[in-house]
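Every number in this text was worked out from the coordinates using simple rules, so none of it is lab data. Note that this is a predicted model, so its numbers are computed, not measured. Backbone-built Cβ (ideal geometry, glycine too); neighbour counts: all protein chains shown.
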């Protein structure tokens, strides 16, 4: 039983294929070489003229875990009538992503899976799994159909780690702890959110710069970044340390971001939703774009990767582990409500609804800053397409964002409708670049898979998981990327004409480096003394994910 | 709960939890204004003042003090917390006496007056922040001096934890009083740290609320209409629907709670010791999660999910297996 996809135009950057016409053969969920015996081909799709890419991978999207569930609970109106109102909004926002985007910021687990696959995405990664809350995150992701999942475990604000650092623990101990957390939480990477800041907020600190100590531990964010990036590197985890920098959203924070790039002493780090960290203080309103400085530094610092966290106008909700900044931002909540939580001497979460408006100076400039970054960072292998779903915009607006990147006229028309003061502060129209299909395939497929360390995804080579998306080449890139003709998941046709035709369940990607398990002795006594659950219950067993007959764990090994 | 949700989707059923009168009060507060809350390990390691409003805590959560308050070791070497009860009968406050004999502060107040008293606390804190004086001498039967002392104590605390239980607020529109508590917490956080801890009512209410939310997008009190979830905390309550619905499926696995009185045909899937005033049309006894078979449960603070273990061999089936069989039987009938 072999499926043949014939005559498609292949965009597969992992194999430097830029629109070549080739056939793809699928056998038992994998891409295989042309079979000797053509009689075994049971199904053929003629894809003449169609654009063929691997399934897209969202490397940063809040799809599971406590904070998203809080957002759903707090905002039932997003799903009820307000959703219709959002769709039919008469606001003259430059691009409420019509007609393809539901702009639903907090979809249920089921809808999350469906909306992703309908856009040709076959995997998404939850970037902020609180270790104490990891079981819930996996339960939610386990109930998310259609796509593969995975997550990054949050460290760097937990008291166990900060205690180790303040006690000057050796790097091996840190490494063992980091590896233990990866195993215990079934994660594929490590994230740090506002390094040290969530913890400092519990001691009533309201702001923390890169070299400012936590009042209790006398540990600085820089030290946290050094220790964690080194642990990730020495353990051989493919995914570089995922860093949400200090001072998110603060005017002038670009300096913190630039300094953060230097904090890992040249070891790889990924700076996430960098748009929110690229703000200067110029102009009458003391808020300006520092995209040029950030892009220049990204171009220079080859050990740094970044995703943008583009904002798009309309109603959404911001959900973050960064309680320090979310508590501060709660005064801008729209509608006016927010949930802030301190969680288990581990970290925290903050959920603040937000409405981005094109006539608001700051929001309009945020929009422009994101696009300036996309267009000014030269290497598409080191910059990734995200809206930090749902913080900048719901993931369903990706097709719209892709059009903004690929179509200069469309982009400039949108820009011309923005708040005039913001227009005066942006150089966006001077940026001529238009992303190519090949570059989009890098950002959303090959690059993302390489970054996370997914060996069998994001490409169309032999042996790859047959996650394949087929589009009709249309000048309207938003229409094109919103509604693929076909999506294959593990070789099965699951989407036809942008609608799910078959429900399937994806796998959970993990990384499990080896480590010295004697660390668990100390953890056991720490849990017994200070925490409120047993260490054995903290750990998520493999069969909790795989035993329901739907889930499956894939453990990815770093390629040497 | 996941299997129940699927069954509900298939049969256009309304879903409610036996304790959702309380859950909904908290949810409405959160939907109206939000809140700032904490979890048990933070209480254990950081709380220096614990204010229990209208609840003695120990009746519903008997090991709360032992596990999260009287610990002698904490990460930051904090003192044993000062425990304050507001609007709780003195005879129910024994659990708040520390192991070394320190008695809790008990602010005597009529529980029905809590709305007025909590609003007064907000006003006093606001006035304090704005340097205003107050003219009244008492609020809700409590002297302003006592309330002022409480405000000062909360404000001086490094990490005050305010505990309430929505089920213990027996007055109407309790959600407004809960909102007043959360506003007090927000005000405190302008200068110091403080957090709320809403207690649950048990029988898996936190688990049901969370699972429902990620599966349908809505917390409890929702229904499925032709595959689409709908949400209404007022109309979709068991009380409102018990008499008008055409069948009641009652599930209670942790405790032998009997179903509400209704004339509708009743199916009970529950604890084997369940007693009935009116024999239901169908009763399927099932095992208790965490005793007869494994399961998962959300803790009261909603952020922690714990595995439940199987402690004994039982002949009784598991709830989800029974529901799956019903679902399969329904499918074959449809065919």
Chain B: calculated mean residue ellipticity at 222 nm from DSSP helix runs of at least 4, using -39500 (n - 2.57): -10000 deg cm²/dmol
Euclidean distance between Cα centres, the range A:479-548 to the range A:429-448, Å: 29 Å
Full-stretch length increase - residue B:173, residue B:315 - with 0.36 nm per residue and alpha-carbon distance subtracted: 46.6 nm
222 nm mean residue ellipticity, helices alone, for chain A (DSSP H n ≥ 4; -39,500 (n - 2.57); rounded to 500): -9000 deg cm²/dmol
Computed E for residue B:12/residue A:504 - FRET, C-beta separation, R0 25 angstrom, nearest 0.05: 0.45
Square roots of five times the Cα gyration tensor eigenvalues for the range B:138-275, Å: 39, 18, 15
The range B:113-176: relative contact order as a whole-number percent, Cα under 8 Å and 6+ apart: 33 percent
Nitroxide proxy distance, nm - points 7 Å out along Cα→Cβ at residue B:149 and residue A:48: 9.1 nm
Computed E for residue A:379/residue A:462 - FRET, C-beta separation, R0 35 angstrom, nearest 0.05: 0.85
Difference of contour (0.36 nm per residue) and Cα-Cα distance, residue B:133 to residue B:94: 10.5 nm
Protection-proxy order for peptides B:250-260, A:176-186, each taking the mean of Cβ atoms within 10 Å per residue, highest first: A:176-186, B:250-260
Separation of the residue B:328 and residue A:524 label points, Cα + 7 Å toward Cβ, nm: 4.1 nm
Spacing of the two label points (7 Å from each Cα toward its C-beta) at residue B:225 and residue B:281, in nm: 2.4 nm
Additional length obtainable on full extension of the chain from residue A:218 to residue A:77, 0.36 nm per residue less Cα span: 46.4 nm
Protection proxy ranking of A:132-139, A:471-478 - average other beta-carbon atoms within 10 Å, highest first: A:132-139, A:471-478
Residues A:410, A:462 arranged by fewest to most Cβ contacts within 10 Å: A:462, A:410
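Let's test the formula: R0 of 56 Å, r as the Cβ-Cβ distance of residue B:190 and residue A:16. What FRET efficiency results, to the nearest 0.05?
Values: r = 57 Å, r/R0 = 1.02.
So, using R0 = 56 Å, E works out to roughly 0.45.
So what's the convex hull volume per residue for the Cα atoms of the protein assembly as shown, in Å³? Show your work: numbers first, answer last.
Working: hull volume 158.0 nm³, N = 895.
Considering the Cα atoms of the protein assembly as shown, their hull volume per residue is 177 Å³.
Using a 10 Å cut-off on Cβ to Cβ distances, tally the other chain neighbours for every residue of B:304-310 and report the average as a whole number.
Details: counts 14, 12, 5, 7, 1, 1, 0.
Taking all residues of B:304-310 together, the mean is 6.
From the Cα gyration tensor of the range A:409-464, with a ≥ b ≥ c the square roots of its eigenvalues, which class applies: rounded if a/c is under 1.5, or else prolate if a/b is larger than b/c, or else oblate? Numbers along the way, then the final one.
Working: a/c = 4.45, a/b = 3.12, b/c = 1.43.
It comes out prolate by the Cα gyration axes.
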Sequence ranges B:263-275, B:205-217, ranked by mean other-Cβ count within 10 angstrom, highest first: B:205-217, B:263-275
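In whole angstrom, how long is each semi-axis of the equivalent ellipsoid of the range A:57-452, when you take the square root of 5 times every eigenvalue of its Cα gyration tensor and sort them from largest down?
Those come to 30, 23, 21 Å.
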Top of B:147, B:248, B:129 by mean-square fluctuation, Gaussian network on chain B, Cα under 10 Å: B:129
C-alpha long axis of helix B:144-156 to longest principal axis of chain B, angle in °: 80 degrees
Cα-based Kirkwood hydrodynamic radius, the range B:24-199, one decimal, Å: 16.2 Å
Shape of the range B:1-88, Cα gyration tensor, a/c cut at 1.5: prolate
Contact order normalised by residue count of chain A, Cα under 8 Å, 6+ apart, percent: 21 percent
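Any idea what the relative contact order of the range A:266-331 is, in percent, if you count C-alpha pairs under 8 Å spaced at least 6 apart?
38 percent
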Order of A:30, A:382 - criterion: other Cβ atoms within 10 Å of each residue's Cβ, fewest first: A:30, A:382
In range of the label at residue B:67: residues from the range A:34-72 whose backbone nitrogen is under 15 Å from the point 7 Å along Cα→Cβ: none
Distance-filtered residues of the range A:45-64 - backbone nitrogen under 16 Å, label point 7 angstrom along residue A:496 Cα→Cβ: A:45-47
Cβ neighbours within 10 Å from other chains - mean over A:537-550: 1
Sorted by Cβ neighbour density within 10 Å, fewest at the top, the residues A:440, B:294, A:343, B:57: B:294, A:440, B:57, A:343
Cα-based shape type of chain B, given that a ≥ b ≥ c are square roots of the gyration tensor eigenvalues and the cut on a/c is 1.5: prolate
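Average partner chain C-beta neighbours within 10 Å, per residue of A:67-80? Write down the numbers at each step before the final one.
Details: counts 1, 2, 10, 8, 1, 8, 14, 9, 3, 11, 2, 1, 7, 5.
Across the residues of A:67-80, the mean count of other-chain Cβ atoms within 10 Å is 6.
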